[in-house]
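The values are calculated or read from the model by the stated rules, or taken from the named source; none is laboratory data. Just so it is clear, the structure is predicted and the values come from calculations on it, not from any experiment. As a convention, Cβ positions derive from the backbone with ideal geometry for all residues, glycine included, and neighbour counts pool all protein chains shown. We work out accessible area using only protein heavy atoms, side chains counted, and drop any ligands, DNA or RNA first. Shrake-Rupley method; radii C 1.70, N 1.55, O 1.52, S 1.80 Å.
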Amino acid sequence: MHTLTRNTLNQVMFKRTLLGIALAAASAGVSAATDIGEAFATGKAYGDFLLRYETVEEDDPTKEEASGLTLRSRLGYSTAALNGFTATLEVEDSRTVFGKEDYDYAPPARPSGYTARGRSVIADAPHTELDQAFLQYKNDVFTFTGGRQVIALDNHRFIGHVGWRQDRQTFDAVRVDVKPMDKLLVTYAYLSQRNRIFSELADLQVKDHLLNIGLDTSLGKLTAYAYLLEEDNVPETKYDTVGLRFAGKQAASDTLNVLYALEYAEQEYEKGTTEKDADYLLGEIGLEVSGVQVLLGYENLGSDDSTYGFATPLATLHKFNGWNDMFLGTPGVGLVDGYLSVSAMVAGAKVELAYHQYESDDEGTTGIDDLGHEFNISVSKQFGKYYNGGIKYGSYTAGDGNFVDTDKMWVWVGMAF
């Protein structure tokens, strides 16, 4: 997208969003101090705690096996509604427990003077931060949210909170949701900072525009989106992505449901004098019968002449392309992921199995075609109202390129209120 167009959009949309919040505040009026006091006094406190043990073993002679035991604590408070307004404040902390920190931090989370330990990476660096702090106004048609907040759209493939990691991704943003009718929702957000999963050391100043329009139909949900991302680094990095998604579920009988999804997107990438473009394609078909779900999928993150792979920098990446996180950044040759997953409830626990076969989209002159395969299995269970636990394992077998066989395992217990 040309600079003039983007800058104009930055200025006009941001001013209109702020104007909308101001008008909403004016229409709500000003409440007496006693009403404000009651809103704070009758609000809701909430929190969750997650204790997790993780191990990583790579077939790499330069790295020793990694293991870590971390505790993530998150506490928040939301006021009761007052003339449509609420306020939320939330803090988050993650610490290693019993000194079990036998792993390397991910490079973005390494502070000045950090000495690498020669172990595999576990992307849970210790941190304490303000996770959310926002003011929200809501009526029957409009919702305005301003401040640090979680934003997750559709299936998290492009915009997510990366909730699997102990440091959740949030955004400093202004968001507007408009619902002119029951089946139509229009969401726009302007992001000024990405608070990433690597503690504050890797937070990014940005000028991102997110536009998502969802329409519910009798066959499923149709979504059109435009995500215009701009990172304030030198030189500036831009990802402009426009796409369509359709996903739904239909009952074939009293006990059988058919699942389906189809999605296509185009992306333009620009950094300095470098310009690239790539396409995205997703197709899924599945069945649900007697509590068992079987899903067959094909996802293609395309390549531009084997030099650039379709990127989703704001996604909940752990949810896609295998739990071992081998493809957090799409290779230059692109990525084709053919997968089969099965999930079911067994003795009150959720059991999930998945298999992924990875290939390049365009090997070009690199000779990289086979990108390996991966097997995943997890068992998780809710215990009563507040507690949960689980175990998860991923095994990746390398193909061509600079990848190595990798095994990961997680065991966790959690509490939420």
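Is it the case that some residue within the range 190-203 is assigned to a loop (DSSP other than H, G, I, E, B), out of contact with any Gly (no Cβ under 9 Å at 6 or more places or on another chain) and free of Cβ contacts under 8 Å to residues at least 40 places away in the same chain?
First, the residues of the range 190-203 that are assigned to a loop (DSSP other than H, G, I, E, B): 196-199, 203.
Retained after the next criterion (residues that are out of contact with any Gly (no Cβ under 9 Å at 6 or more places or on another chain)): 196-199, 203.
Add one more test, that the residue is free of Cβ contacts under 8 Å to residues at least 40 places away in the same chain, and what stays is 203.
Yes, the range 190-203 contains at least one residue that is assigned to a loop (DSSP other than H, G, I, E, B), out of contact with any Gly (no Cβ under 9 Å at 6 or more places or on another chain) and free of Cβ contacts under 8 Å to residues at least 40 places away in the same chain.
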Every residue in the range 275-305 that is in a strand (DSSP E or B), within 21 Å of GLU363 (Cβ to Cβ) and open to solvent by 40 Å² or more (accessible area, probe 1.4 Å), please. LYS276, ASP277, ASP279, LEU281, TYR298
Does the range 42-51 hold any residues that are of a type in the set (Gly, Ala, Ser) and either without any contact (Cβ under 8 Å) to a residue 24 or more places away in the chain or open to solvent by less than 30 Å² (accessible area, probe 1.4 Å) (or both), and which are they? GLY43, GLY47
Could you please find all residues in the range 313-344 being open to solvent by 40 Å² or more (accessible area, probe 1.4 Å) and small (Gly, Ala, Ser)? GLY329
Restricting to the range 345-375, name every residue that is open to solvent by less than 20 Å² (accessible area, probe 1.4 Å) and small (Gly, Ala, Ser). ALA349, ALA354, SER360, GLY372
Could you grab me the full set of residues in the range 174-201 that are more than 16 Å from the chain's Cα centre (by Cα) and hydrophobic (A, V, I, L, M, F, W, C)? VAL174, VAL176, VAL178, MET181, LEU184, LEU185, VAL186, LEU201
When the range 145-173 is checked residue by residue, the ones that are among the basic types (Lys, Arg) and within 15 Å of the chain's Cα centre (by Cα) are ARG157, ARG165, ARG168
What about TYR396, is it open to solvent by 60 Å² or more (accessible area, probe 1.4 Å) and either farther than 21 Å from GLY291 by Cβ or in contact with a helix residue (DSSP H, G or I) (Cβ under 8 Å, 6 or more places away or on another chain) (or both)? no
The one condition in (1) surrounded by 18 or more Cβ atoms within 10 Å (Cβ to Cβ); (2) in contact with a strand residue (DSSP E or B) (Cβ under 7 Å, 6 or more places away or on another chain); (3) of a type in the set (A, V, I, L, M, F, W, C) that ILE197 fails to fulfil: (2)
So in the range 345-379, with the set limited to residues that are free of Cβ contacts under 8 Å to residues at least 60 places away in the same chain and hydroxyl-bearing (Ser, Thr, Tyr), which one is farthest from ASN300 (Cα to Cα)? SER378
